[in-house]
Amino acid sequence: DFLGAVPHDKVRDVLVKGHVFLNCSLTESFCIALLEAASCGLFAVSTNVGGVPEVLPPDMAFLSEPNVSSLVQNLSRVIDENITTQVNPFDFHNRVKQMYSWRRVARDTVTIYNHVLYKQPRLTFLERLNRYVTVGSVAGLVACILAVTLHFYVMLVEWMQPRENIDVVPDIGLCSEKELSRYYENGRHDSVNNDGDDGGAGKKN
C-alpha cells in the first residue's frame, strides 16, 4: 500500500507490520529512519551513502551500492536466506536502545568540542591560507582574498581599539566528560557548577 505521509505517532504502528526496511537514499547525513525501523524489529537494506554505515552494525543491515541492481541483490539475499526469521524484534529494540540516547549524544558532543577548543593547536594565518587554496583554483583564490581582507580589517580595528582596553568576560570553563556524566546520573537538569559540584543531589536509579 502507498500510505503517503504518516503522522509521527503512527510510524511505529506501520513499521511493526513489516519485516524488511528498504532505504534507497542517494544522500544521507545519518538516517534516523534506519534507527526507527531497527527499533521496531525490522532488518534493514540500505544504500551505502553518507553516514549510513555508522548507524547500524552489519548483522542488523545490509549495505548496497546506490543503484537498483545492488539493492535488489541484497533484498533478495535477505529473502533467500530467511534472515527475517532469525531476527528477534525485542533484541533489535534493546540493542538500539543501548546504542543511542540523547544523553550519549550530548556527552559526545561536549567531548568533541572540548577536544577541538583545548587540545587541537590553532593554525597560523599562513596555514589557514594554505588550506583555503585547496578548495579550488577559483574558490580558493576568493577565500584567500577574503581571509586577507578580514585579517587586515581586524588589525585595523585592534589598532583603533586595543585589545587590552576591552573588558574580558571571565571564562567559566566547560564541563568535563566526567562532570557531565555525573550531572545526568544525579538527574540534574538545571545547571552544573564550575567546580563540578553536584550540589549534593542524590543519585537516581
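All of (1) part of a loop (DSSP other than H, G, I, E, B); (2) modelled with pLDDT of 90 or more hold for R188 with one exception: (2). If you take the residues of the stretch 41-58 that are open to solvent by 30 Å² or more (accessible area, probe 1.4 Å) and in contact with a Phe, Trp or Tyr (Cβ under 9 Å, 6 or more places away or on another chain), which of them is farthest from G18 (Cα to Cα)? Going through the qualifying residues, I end up with G50.
At pLDDT below 85 and hydroxyl-bearing (S, T, Y): which single residue out of S181, S101 fits that description?
Numbers: S101 fails: at pLDDT below 85.
Of the residues listed, the single one that is at pLDDT below 85 and hydroxyl-bearing (S, T, Y) is S181.
What are the residues in the stretch 68-83 that are touching a helix residue (DSSP H, G or I) at 6+ places or on another chain (Cβ under 9 Å) and surrounded by 15 or more Cβ atoms within 10 Å (Cβ to Cβ), if any?
Just the residues of the stretch 68-83 that are touching a helix residue (DSSP H, G or I) at 6+ places or on another chain (Cβ under 9 Å), to begin with: 77-78, 83.
Across the stretch 68-83, the qualifying residues are V78, I83.
In the stretch 77-134, the qualifying residues are those that are over 27 Å from the mean Cα position of the chain (by Cα) and among the hydroxyl-bearing types (S, T, Y), and the one that is nearest to A44 (Cα to Cα) is T84. Screening A139, A147 for residues that are out of contact with any strand residue (DSSP E or B) (no Cβ under 7 Å at 6 or more places or on another chain), surrounded by 13 or more Cβ atoms within 10 Å (Cβ to Cβ) and either part of a helix (DSSP H, G or I) or at pLDDT 90 or above (or both) leaves exactly one candidate, A147. If only residues of the stretch 4-35 that are open to solvent by less than 60 Å² (accessible area, probe 1.4 Å) and under 18 Å from the mean Cα position of the chain (by Cα) are counted, the one that is farthest from T85 (Cα to Cα) is E28. Just one of the listed residues (Y113, Y132) is closer than 23 Å to E54 by Cβ and either open to solvent by less than 100 Å² (accessible area, probe 1.4 Å) or at pLDDT 85 or above (or both), and it is Y113.
The values are calculated or read from the model by the stated rules, or taken from the named source; none is laboratory data. Predicted, not measured: the structure shown is a model, and the values here were computed from it. Don't worry about glycine lacking a Cβ; one is built from the backbone with ideal geometry, like all the others, and counts go over all protein chains shown. Keep in mind that these areas ignore ligands, DNA and RNA; they rest on the heavy atoms of the full protein, side chains included. Shrake-Rupley method; radii C 1.70, N 1.55, O 1.52, S 1.80 Å.
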